[in-house]
1. Against the condition assigned by TED's automatic domain parsing to the domain that holds residue 342 and more than 16 Å from the chain's Cα centre (by Cα), how does residue 269 come out, does it pass?
2. Which of the residues spanning region 73-99 are farther than 21 Å from residue 116 by Cβ and surrounded by 23 or more Cβ atoms within 10 Å (Cβ to Cβ)?
3. Of the conditions (1) in contact (Cβ under 8 Å) with a residue 12 or more places away in the chain; (2) assigned to a loop (DSSP other than H, G, I, E, B), residue 7 satisfies every one except a single condition; which number is it?
4. Just the residues that are buried (at least 24 other Cβ atoms within 10 Å of the Cβ) and either without any contact (Cβ under 8 Å) to a residue 24 or more places away in the chain or not in a strand (DSSP E or B) (or both), please, taken from region 269-301.
5. Output yes when any residue across region 41-63 is assigned to a loop (DSSP other than H, G, I, E, B) and under 21 Å from residue 196 (Cβ atoms), and no when none is.
6. Assess whether residue 194 counts as being surrounded by 15 or more Cβ atoms within 10 Å (Cβ to Cβ) and either at pLDDT 95 or above or more than 14 Å from residue 285 (Cα to Cα) (or both).
7. Give 41, 100, 89, 64 a once-over and let me know the one that is in contact with a strand residue (DSSP E or B) (Cβ under 9 Å, 6 or more places away or on another chain) and over 21 Å from residue 171 (Cβ atoms).
8. Output the residues belonging to region 161-203 that are free of Cβ contacts under 8 Å to residues at least 60 places away in the same chain, in a loop (DSSP other than H, G, I, E, B) and touching a strand residue (DSSP E or B) at 6+ places or on another chain (Cβ under 6 Å).
């Protein structure tokens, strides 16, 4: 098997050396070069044709965001961003993921992280995963309302109230942007979301999506009552459960142990939704690495056979891990291209 050829772009000589050493310790990876800023990086991409690029967000001359935009316009390839957990760093990282970066790595202690080796396994894992992503050079097709509903969907709304629960990981911010902006502005059913992301980044994601969507999108807060026409994103490092509070529904955030290495975990959210009474339940599994969400949809179906489960298709998934694992449970009602998920949720919600 050919090694994964990686180019490291970072303005810090120390970080270039550390990241190169970490990645070189994995026998599947070969470092083919380094670059000190975006301009230098783009030149080296053209010369060396890497399989994966690691790209620092904050750099002089040409920063990571500008470099990423150029890469995606001229020569799309898998990019993993490196970011510091400042408010500005988080905002730019979410922008990068939405622009086309496959994933990001949060530096443990700022721009020059002397302790970067503490996240060695995460860096290797994310670069290896990125190498498996196939990026299309074609512009995404423009779809029209109802074009994705090829055949009738059997889903009867038995109750007066409904909830939509969404789980996603790698590639999720772009997928969520597509789904949430495809919903009509007057979509009333509350939406609860787990996106695998560390603390400090989920608020930036919610804020960005809120500026793009007609519905209200926010980072969830412990104890708040769930409102209509609103989507709630679980904060990084907290599990999110939905519980009944009298006749209302409330958010419960905990720092219970990680599940499958994740906090928040999709299974925790879906399991909590399975216990809600007299509520129509629609669960959606989008792109992501691993199998988080599969046990949750099994619980949903056991508790409420009328619950409807959608999985994103392999064709549109950045990483077809979580949707594939969901499909294997035989609990998925419909497998749908990302471009049709929003309209399908809207269709099901009305019927």
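The values are calculated or read from the model by the stated rules, or taken from the named source; none is laboratory data. The shown structure was predicted, so the numbers you read here are calculated from the model rather than taken from an experiment. Heads up, the Cβs are rebuilt from the backbone with ideal geometry, glycines too, and the neighbour counts pull from every protein chain shown.
1. Here the answer is no, as residue 269 does not meet what is asked.
2. Within region 73-99, 94 is the sole residue that qualifies.
3. Going through the list (1) in contact (Cβ under 8 Å) with a residue 12 or more places away in the chain; (2) assigned to a loop (DSSP other than H, G, I, E, B), residue 7 breaks only (2).
4. Result: 269, 270, 273, 286, 287, 292, 293, 294, 296, 297, 300.
5. yes
6. Yes: the conditions hold for residue 194.
7. Checking each option against the conditions leaves just 41.
8. 190
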